[in-house]
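Notes follow once the structure below has been shown.
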Amino acid sequence: MRNTTKLKNLLQLYSVSFDMDDEGNFHLTMNNKKDHTTQTVIDKTYTVVVEKAFRSMVKKIREETNERD
């Protein structure tokens, strides 16, 4: 799956912001639109940051789905 597709999926559930520190690390901050929790993912490359955020979102969705069953 391409990064643009992952980001599009993230934006359906989260408000997302990007930042970069002095050392060149990307910071992706996700604010959940439903429960207003915040999570930040940090890594050296944009691709890895988006991948980690996407995986975190999928994991949370699976956990919520399993709790309902």
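Computed from the Cβ-Cβ distance with R0 of 22 Å, the FRET efficiency linking ASP21 to SER56 stands at 0.65.
Above 14 Å lies some portion of the pair distances; for the range 1-41, what is it as a whole percent of all C-alpha pairs?
52 percent
With neighbour counts taken as other beta-carbon atoms within 10 Å, the residues HIS36, HIS27 rank, fewest first, as HIS36, HIS27. When Rg and the Kirkwood Rh are both derived from Cα coordinates, the Rg/Rh ratio for the chain amounts to 1.00. Relative to the longest principal axis of the Cα atoms of the chain, helix 46-68 runs at roughly 10 degrees. In loop segments of the range 3-69 as defined by DSSP, the GluC sites (Glu not before Pro) with at most 11 further C-beta atoms inside 10 Å of their C-beta are GLU23.
Between MET1 and HIS36, the FRET efficiency estimated from the beta carbon spacing at R0 = 25 angstrom works out to 0.40. Within the range 3-46, the trypsin sites (Lys or Arg not before Pro) that combine a DSSP coil assignment with at most 13 other C-beta atoms in a 10 angstrom radius are LYS33, LYS34, LYS44.
We did not get these values from a lab; they are worked out from the coordinates using the rules stated. Everything numeric in this text was worked out from a predicted model, so none of it was measured. Neighbour counts are summed over all protein chains in view; Cβ atoms, including those assigned to glycine, are modelled from backbone coordinates with ideal geometry.
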